[in-house]
Every structure is written in structure tokens, then in C-alpha cells.
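Notes for the one structure printed next.
The values are calculated or read from the model by the stated rules, or taken from the named source; none is laboratory data. What you see is a predicted model; the values in this text were computed from it and never measured. Cβ sites come from the backbone with ideal geometry, for glycine too, and all protein chains shown count toward neighbours.
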Amino acid sequence: MVCTVAVQRIEVITGAGGRRTYSAEEKIRLVGEARGGRGAVAAVARRYGIYTSLIYRWRRQLQSGELAAPAAFVPVHVLEAPPSCASAWKQ
């Protein structure tokens, strides 16, 4: 009696895989890109390889305030007070 064994090929993929994480800035940018006319959400989703439902979820989160861009630092310039104001403060 002869036994035959089926051989299967298994491909192991290494490297970056799994879920991708998006920063708040990326999410807001993609939602902004998808604000165009008809079919814009689908076009953006295709371009970046994501599901349209993800863009719609981010849009809802943005509208509800759950998703917000982190506060950016703004440069501050301190100017010297004019002499008339400085003398008023000293009194």
C-alpha cells in the first residue's frame, strides 16, 4: 500500500504588518481631502488604501470634538513697553 501526502506551501510574511496607526494630523488631513464633491471619500480611501468607513468615522469624531489636532506652539515676541506706559506702571 502506498500513502500519498499532500504538500502545502506556506508563505511567511515578515516585516511591517498589521494595523496602521494614524496621527491626529493625518486623520484631519485625510478628512479634509475627502471634503470634495461626490465620490471624494471613495477616491481618498482608494488613494491611501483605507476603508471609506474609516474616513466617515474620523469625520464624526472631528465633528463631535473627540478628534482634535494637538495645540501648536506659537512664537511669542516680547516687546519693551513704551516709556509712557512704563512710567504709569511704576506708580
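Figures for the structure shown
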read-out	value
Any chance ARG29 is at pLDDT 95 or above and under 14 Å from the mean Cα position of the chain (by Cα)	no
Selection count where residues are under 13 Å from the mean Cα position of the chain (by Cα) and not in a loop (DSSP other than H, G, I, E, B), scope the range 57-71	5
Contacts under 7 angstrom Cβ, first residue in the range 22-42 being closer than 13 Å to LEU54 by Cα and in contact (Cβ under 8 Å) with a residue 12 or more places away in the chain, partner of a type in the set (S, T, N, Q) and surrounded by 11 or more Cβ atoms within 10 Å (Cβ to Cβ), 6 or more apart	VAL41/THR52
So ARG35, is it exposed (fewer than 15 other Cβ atoms within 10 Å of the Cβ), part of a helix (DSSP H, G or I), of a type outside the set (Gly, Ala, Ser) and out of contact with any Leu (no Cβ under 6 Å at 6 or more places or on another chain)	no
